[in-house]
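Since the structure comes first, as structure tokens, the remarks are kept for the end.
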Amino acid sequence: MAVKLHAAETIGLEGKIIDVEVDYSKGLRSFSIVGLADKEVDEAKERISYAIKNIGLKPPHKQNQKVIVSLAPADIKKKGTGFDLAIALGYILASKQAKFETGDKIFLGELALDGLLRPIKGVLALSQKARSEGFKEIFVPEGNGREAAVVKNCKVFEAKNLTEVLKHLSGETALKIMPKTQIKSAAAEIKYDLADIRGQEAAKRALTIAAAGGHNILMSGPPGTGKTILARTLPSILPPLSQEEALEVTAIQSVVGILDGSFASRRPFRSPHHTSSYVALVGGGAWPKPGEVTLAHRGVLFLDEFPEFDRRVVESLRQPLEDGVVTISRSRGTIKFPARFMLVGAMNPCPCGNLGSKTKMCLCTPSSLFRYQRKISGPIADRIDLWMEVGNIKHEELGKEPAKPVSDEIRNMIIAARRRQKERLDGQGLLTNSEMGIRDLEKTAPLSLSARNILNQAAKHLDLSPRAYHRIIKISRTIADLEGDTEIKESHINEALQYRPKTNF
């Protein structure tokens, strides 16, 4: 008679419960895994056989028996090594070498040849799925317990090896229940501090606005003026992750396998090279995996030398910048990855970098300058909220000591502005002003009559698109939040208009 246990795997960033059915019968020796199993799943036969042998039980490869393992649903590709524990327990139960209940339990883990359990990826997503499906107990390898214990209303057991799981299930020695854990945000590791930047007060102000409202920003200026270092100081002023954001980031990093520790406690800062491919940036593959835009979710995606990225790569940012998600369609299905990030770009004004310089002559021809600027298309330019020109600073400024460490002061301003946004947008599923839609603007971003008149006049003069028009309102709303104002005033609109691009795209 077949026995049934439960495991899980990640599809995209979500968990999927997999039924593990094991049938044991007399016959010529064979051990088969069916159910659209990938290579690493099929290789589990050897890991499981020797793990069972090395803990002192009778393994499948030493008996004249036929063992079939079915992973259901059979039409879903099974990949990864997280099924090892469930398959091994299923065989031990089917061969009557142990007896235990499996109904409301889920088993996750990779087996070593000596029976030790190795940690797996994506435990948080798998545990969340197990809880939603009504499972009461989750068994995970040592090292995955704290991550799984974030999930409420489930008992999480962390085991070092297969023997400990068997002893617990048989009632011989009980495993300790992992205490419920809560993700705690931590301050960013300050490698680059905004206080270390001399001069560039206008750029600092633009970064403050971008950080407060989650807005996209592009900095343009000659080489060596500090665009890159300014972008890298953003973590020093960004607010810590909220509990909700930390869960999202932890789940993503856990699935991808880049989680440092048990939880993600700091906002991501991703900086891919300009030679990165389309798939590396937005995600994809035969079995779609997240790209840089998803790894930057709730954090910063910094694209240095922005126009040097391949045009197809840059254009692929249209959907995530507008919708906050990436939809990847393949013949086997469609997967959505979250991609709510701050885009920070840096670029030279021209190929030689000297356009607009007061001390150096630009050597670019009109045609090369035109080609360079056209690398950023109109639709992409329209999705960038703040455009900042970063010019050269006087050498005397470089030797001055900073007046005070301004990062803490600016971060507190940003945290206060984010708190106002959360209170105003509470119940709408939004966290920052940059996420607001047209209806949200009508409800939460009132303009004074004079501010509305100024905006309408500017829109006619600058020939703003409807998208750019509404982005001006969002930026103005953020400036008002920084100043603690409930209504958008003329000064807020005037400052927001200063951050429009000076070049026609």
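Read the figures in this text as sums done on the coordinates, not as results from a lab. Note that this is a predicted model, so its numbers are computed, not measured. In this analysis, Cβ positions are derived from the backbone assuming ideal geometry, glycine residues included, and neighbour counts consider all displayed protein chains.
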Item to complete: Kindly put M219, M178 in sequence by how many other C-beta atoms sit within 10 Å of each C-beta, fewest to most.
Response: M178, M219
Worksheet entry | Within the chain, helix-based [θ] at 222 nm, where runs of 4 or more DSSP H residues each add -39,500 (n - 2.57), nearest 500 | -10000 deg cm²/dmol
Worksheet item: Along the charge dipole of segment 3-169, which of H6, Y91, N161 sits closest to the positive end, that is, farthest toward it, with unit charges on the beta carbon of Lys, Arg, Asp and Glu (+1, +1, -1, -1)?
Response: Y91
Response to the item:
Rounded to the nearest whole number, the per residue volume of the convex hull around the C-alpha atoms of segment 3-169 in Å³ is 94 Å³
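Kindly work out what percent of the DSSP beta bridges joining two residues of the chain are antiparallel, to the nearest 5.
50 percent
Using a Förster distance of 25 Å, how high is the FRET efficiency between I393 and N494, based on the Cβ-Cβ distance and rounded to 0.05?
Step by step, r from the Cβ atoms, then E = 0.50.
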Discussion item. Could you list V20, V279 so that the one with the fewest beta carbons within 10 Å of its beta carbon is first and the one with the most is last?
Written reply: V279, V20
Discussion item. Given an 8 Å cut-off on Cα distances and at least 6 residues of separation, report the relative contact order of segment 194-497 as a percent.
Written reply: 24 percent
Fill in: Residue among G221, M413, P59 farthest towards the positive dipole end of the chain, charges placed on Cβ
P59
Worksheet item: Dipole size in debye (nearest 20) for the chain around its Cα centre, Lys and Arg Cβ +1, Asp and Glu Cβ -1?
Response: 680 debye
Worksheet item: What list do you get for I472, I258, I106, I393 if you sort them by fewest beta carbons within 10 Å?
Response: I258, I393, I472, I106
Discussion item. Over the Cα atoms, compute the radius of gyration (one decimal) and Dmax (the largest Cα-Cα distance, rounded to a whole number) for segment 194-497, in Å.
Written reply: 19.6, 61
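Just need the relative contact order of segment 1-106 here, percent rounded to a whole number, with Cα pairs under 8 Å and 6+ apart. Each step should come with its number before you reach the end.
Values: 201 pairs, mean separation 41.5, N = 106.
Relative contact order for segment 1-106 comes out at 39 percent.
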